[in-house]
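K.L.:
Next up is a structure, given as structure tokens.
The values are calculated or read from the model by the stated rules, or taken from the named source; none is laboratory data. No experiment lies behind these values; they were computed from the predicted model shown. Here the Cβ is made from the backbone with ideal geometry for all residues, glycine too, and neighbour counts use every protein chain on show. Just the protein is used for accessible areas: all its heavy atoms, side chains included, with ligands, DNA and RNA removed. Shrake-Rupley method; radii C 1.70, N 1.55, O 1.52, S 1.80 Å.
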Amino acid sequence: MGNLLGCVQVDQSTVAITEQFGKYQDVLQPGCHCLPWCFGFQLAGHLSLRVQQLDVRCETKTKDNVFVNVVASIQYRALADKANDAFYKLSNTKGQIQAYVFDVIRASVPKLNLDDVFEQKNEIARAVEDELEKAMSAYGYEIVQTLIVDIEPDENVKRAMNEINAAARLRVAANEKAEAEKILQIKRAEGEAESKYLSGLGIARQRQAIVDGLRDSVLGFSVNVPGTSAKDVMDMVLLTQYFDTMKEIGASSKSSAVFLPHGPGAVRDVASQIRDGLLQASVDH
């Protein structure tokens, strides 16, 4: 009924194109308008001023001969002050934008290796946007934003890249593990060396204490018992220690069987050997 009376409603973020006898006449802004159709005025169509998005998938080849699918997302809109150009000059806006995207991507990506394509995707997006801005402004469109949202190499290439990354990470992990084991071995060796050094000091001090104790015993016995020599006192002390040792071996529940020569001659030989060893230790210190 509204059309019959010549009334036209234009929605928000939209403009309407009017013609008179088939010739462009005016751009109607949002609101209600009257068209005297009896004078040849008619509504040619509507044009949205909203931002629109077009995703373009382009297959191309990199410099190192790897085929990739590059997905570009183009956000664009018609300009209100150039609505007539946007309405009349292009019959397939999306097809036109897609053609420019293909041209720029297939001119830029073959100059780069695969790794560089990932690193320079912002530069590729900027090149696409600059080219589209120059081309589409003549048709009444503004390029709002251009994004490279995905770069997909061939499935075999992706698998190979993942294997390379995994191998590199395993190599780093192996180096770190080897370095840690090396540090542990060094620390363990330093600990053992320190332990042996301290053990040697303890043994040396123990032997020195034994020698000092025997010397004091010999001197004290010689003073208290006139007529005895140092050798007699030493033989008696060594004999006493020999029997104490035999007693301890026999009393220990964990000791194994120990076979030692026993008798007056054997005791004398053992005493002689112990005395010679202790005297040698005293001389060394």
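K.L.:
So for Leu79, Leu184, Leu47, what's the accessible-area order with a 1.4 Å probe, most first?
P.N.:
Leu184, Leu79, Leu47
K.L.:
Right, next: Say each of Thr240 and Ile186 gets a label point 7 Å from the Cα, pointing the same way as Cα to Cβ; how far apart are those two points in nm?
P.N.:
Between Thr240 and Ile186, the label points sit 5.4 nm apart.
K.L.:
Further question: For Ala138 and Ile164, what is the calculated FRET efficiency with R₀ set at 30 Å and r taken between the beta-carbons, to the nearest 0.05?
P.N.:
After rounding to 0.05, the efficiency reads 0.05.
K.L.:
For segment 1-85, which whole percent of the accessible surface, found with a 1.4 angstrom probe, sits on carbon and sulfur atoms?
P.N.:
50 percent
K.L.:
For Asp150 and Tyr88, FRET efficiency with R0 = 30 Å and r from the beta-carbon atoms, rounded to 0.05?
P.N.:
Working from the Cβ atoms, E equals 0.30.
K.L.:
So for the pair Ala178, Cys38, with labels modelled 7 Å out along Cα→Cβ, what separation do we get in nm?
P.N.:
Going from the Ala178 label point to the Cys38 one covers 9.8 nm.
K.L.:
Right, something else. Quote the FRET efficiency, to the nearest 0.05, computed for Ala251 versus Ile210 with a Förster distance R0 of 30 Å and r equal to the Cβ-Cβ distance.
P.N.:
Computed FRET efficiency for Ala251 and Ile210: 0.90.
K.L.:
Starting from the Cα of Asp116, step 7 Å along the direction of its Cβ; do the same at Gln75; then give the gap between the two resulting points in nm.
P.N.:
3.0 nm
K.L.:
While we're here: Order these peptides, 114-120, 21-27, by their mean beta-carbon neighbour count within 10 angstrom, highest first.
P.N.:
114-120, 21-27
K.L.:
To the nearest Å, what is the center-to-center distance of segment 172-223 and segment 15-91, using C-alpha atoms only?
P.N.:
91 Å
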